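Working notes, structure below.
The values are calculated or read from the model by the stated rules, or taken from the named source; none is laboratory data. Note that the structure is predicted; figures quoted are calculated from it, not measured. Cβ sites come from the backbone with ideal geometry, for glycine too, and all protein chains shown count toward neighbours.
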Amino acid sequence: MDRTPSQTVGPFFHEALRWRDGHRVAFAESGADVVLVGRMLDGAGQPVGDALVETWQRSPTGEPPASGKSGNPSGFARVETRKDGTFRIETRMPGGPAPHLDVTIVARGLLKPLRTRVYLAPEAAVRADPAMKPLAESPRLQTLIARAEGDAYHWEVRLQGDGETVFFSA
Amino acid sequence: MNDLSQRPDVDPPYDYPEYGSTRHRAPREELLKLPAGTLDAAGPLVPRGFVRDGDNDLTIHGKSKPLGEKMVLAGRLLDESGRPIRDSLVEIWQANASGRYDHPGDTHDAPLDPNFKGIGRTFTDDDGWYRFVTIRPGAYPWANHAFAWRPQHIHFSLLGNAPVQRLITQMYFPGDPLLDFDPVYQSVPDEAARKRMICMLQLDTGIEGVALGYRFDIVLAGARSTPLGI
């Protein structure tokens, strides 16, 4: 059968797709708490204030997350960007040699989702990740690595132009 | 089975000048191909308690009934090999009968309906079926170009059962003359693919004497993904 095409999420999704505590990732497993603070900019350098960001990750033990019987799905975050383009996700450090969150971005002006990834890991570990082999020599790999500063990881997403974030095909 | 990814892309391009908002948001760099299977692992699994009874009926949450043409919207969620996608979250949102969203960003000078929020969610059943009761949404103007009006549509968000299946789309109505002029609809390059976003009038899906019936099946990517129940 042939797939149903993608269409933009448009500007009016907020209440429909808003989940209680969507920014706080649920886990059955315990682990180290981490905060990801992101900021999204468009090709004109303006904040993207009307996007939806979803992240999906491994559990702190490196397993696929097991969901409970109620509440939000484990390992999954859904947050809206604020007017200034920022978003904040409270989660636990994913397991594995190169811990990362897989990220999906939808917004007005995006006819299909943008897929990317943010690593909460030192650059050497990221360069060693086999999935990043095509970028091993590229300075653009930096766009996928969050900066640990204070009590949070900071990550800037640029949709277009100078410093454009690396996006993936599905 | 990897040849599924070699099929012509049914999705719109990122860069589509007729839809003005793509201008500063479409990436310019080439996309990186992830190793096959990276997005195929099952999840997220949404707990059953996430949806409450009545969340799939958009017409019962006010003090009285909403204005407009009542309709039942039902269909199946399938993967590319035609297998049902079970226990999967379906979220919808839409304008009211006069073409106004209950959203602070909607400045269209049409009335809100105090009895209609325009938001619904449900899970698919064991055969991939979902069902909503709602109101046919109105068309509305937008600022994309002169005399621009969006055709009547209902927004759908599907999680599927694996990240590769994630889909956000819009469902349109048969025979809507605005489809010919709508850059969002027209952004899908293939005509047959565009038509897969149009629901079908199916009277006996409705409620006799109460609501019209429409059928809308949705096909998500990834025949290899195992449709996991919860």
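Filtering segment A:95-111 to residues that are under 20 Å from A:His14 (Cβ atoms) and surrounded by fewer than 22 Cβ atoms within 10 Å (Cβ to Cβ) leaves A:Thr104, A:Arg108.
One residue alone among A:Arg158, A:Arg92 is within 11 Å of chain B (Cβ to nearest Cβ), surrounded by 17 or more Cβ atoms within 10 Å (Cβ to Cβ) and not hydroxyl-bearing (Ser, Thr, Tyr), and that residue is A:Arg158. Here is the figure for segment B:146-200: residues that are of a type in the set (Val, Ile, Thr) and either surrounded by fewer than 16 Cβ atoms within 10 Å (Cβ to Cβ) or at pLDDT below 95 (or both) total 1. Among the numbered criteria (1) part of a strand (DSSP E or B); (2) over 17 Å from A:Phe13 (Cβ atoms); (3) free of Cβ contacts under 8 Å to residues at least 60 places away in the same chain, which single criterion is violated by B:Ile168? Here B:Ile168 meets the rest and fails (2).
Of B:Gly128, B:Gly105, B:Gly120, all but one fail to be away from chain A (no Cβ under 11 Å) and small (Gly, Ala, Ser); the exception is B:Gly128. Every listed requirement among (1) under 20 Å from A:Gln7 (Cβ atoms); (2) buried (at least 19 other Cβ atoms within 10 Å of the Cβ); (3) at pLDDT 95 or above is met by B:Glu80 save one, (3). Exactly one residue out of B:Ile85, B:Ile60 is of a type in the set (A, V, I, L, M) and out of contact with any Leu (no Cβ under 6 Å at 6 or more places or on another chain): that is B:Ile60.
Only one of the listed residues (B:Gly37, B:Gly54) is surrounded by fewer than 18 Cβ atoms within 10 Å (Cβ to Cβ) and within 14 Å of chain A (Cβ to nearest Cβ). That residue is B:Gly37. Apart from one condition, B:Arg28 fits all of (1) part of a loop (DSSP other than H, G, I, E, B); (2) touching a Gly at 6+ places or on another chain (Cβ under 7 Å); (3) surrounded by 17 or more Cβ atoms within 10 Å (Cβ to Cβ); (4) within 10 Å of chain A (Cβ to nearest Cβ); the exception is (3). Going by the structure shown, is B:Arg215 touching a helix residue (DSSP H, G or I) at 6+ places or on another chain (Cβ under 6 Å) and surrounded by 14 or more Cβ atoms within 10 Å (Cβ to Cβ)? Yes: the conditions hold for B:Arg215.
Is it true that some residue in segment A:89-107 is within 30 Å of B:Gln94 (Cβ to Cβ) and not in a strand (DSSP E or B)?
Just the residues of segment A:89-107 that are within 30 Å of B:Gln94 (Cβ to Cβ), to begin with: A:89, A:102-107.
Checking the rest, the ones that are also not in a strand (DSSP E or B) come to none.
Checking segment A:89-107: not a single residue is within 30 Å of B:Gln94 (Cβ to Cβ) and not in a strand (DSSP E or B).
State all residues of segment A:57-80 that are within 9 Å of chain B (Cβ to nearest Cβ) and in contact (Cβ under 8 Å) with a residue 12 or more places away in the chain; if no residue qualifies, say none.
If the condition is that a residue be within 9 Å of chain B (Cβ to nearest Cβ) and in contact (Cβ under 8 Å) with a residue 12 or more places away in the chain, then A:Pro65, A:Ala66, A:Ser67, A:Gly68, A:Gly71, A:Asn72, A:Pro73, A:Ser74, A:Gly75, A:Phe76 are the ones that fit.
Restricted to strands (runs of 3 or more DSSP E) entirely inside segment B:63-131, those with at least 1 residues that are over 26 Å from A:Ser67 (Cα atoms) are B:70-79, B:89-94. Exactly one residue out of A:Asp50, A:Asp42, A:Asp84 is in contact with a Leu (Cβ under 6 Å, 6 or more places away or on another chain) and under 26 Å from B:Ile168 (Cβ atoms), and it is A:Asp42. For A:Pro134, the test of being free of Cβ contacts under 8 Å to residues at least 12 places away in the same chain, facing another protein chain (nearest Cβ under 9 Å) and either of a type in the set (Asp, Glu) or within 29 Å of A:Asp21 (Cβ to Cβ) (or both) is failed.
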